[in-house]
Amino acid sequence: MDYAGLDYRNIRFPVNRPLTEDERATRYHQKTPSNAPPMDFLSVIKCNNRYIELVDRWYSIKGFNTWFGVCVTLGGLFFATMIVLAFFWAPVTDQRAALWFMMIVLLPIALGLVWGGWWLIRTECGRWTHYPMRLNRKTRQV
């Protein structure tokens, strides 16, 4: 699956690039009849006599990374806080080895969850809500 424009490696959509053979093979031929039903998925933003403006294909799922990232980050922070509180406020007993295990093994896992959730939040927040595509009818350009 192509994640161009969605993840951190491909924040911007590629422009002025050569078409691949797959793109050339699957292009839409206007002269040949097709029986495929139109599927717009609420993608039209603006339409006039010169152009039609569409949203990109990731528009419908925008917000999921932010929502999931907030849940993962808060869960990881809660987990890390409970580990640190248990380590420093627990009475000195024979269970000290279990507390050290929590600090050495489980705390990095919790902090990794916090980092992963923050990374998910960053993939969407501060970016455009959609990347519009304008199909110009008169100049026949994208």
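The values are calculated or read from the model by the stated rules, or taken from the named source; none is laboratory data. This one's a predicted model, so the numbers in the text were calculated from it and none came from an experiment. What goes into the accessible areas is simple: the full protein's heavy atoms, side chains included, and nothing from ligands, DNA or RNA. Shrake-Rupley method; radii C 1.70, N 1.55, O 1.52, S 1.80 Å.
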Please report the accessible area of Thr20 (heavy atoms, 1.4 Å probe, ligands and nucleic acids excluded) in Å², nearest 10.
70 Å²
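Largest first, what is the accessible-area ranking of Asp56, Asp94, Asp22 with a 1.4 Å probe?
Descending order: Asp94, Asp22, Asp56.
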Between Phe88 and Glu23, what length in nm is gained on full extension when 0.36 nm per residue of separation is reduced by their alpha carbon distance?
17.4 nm
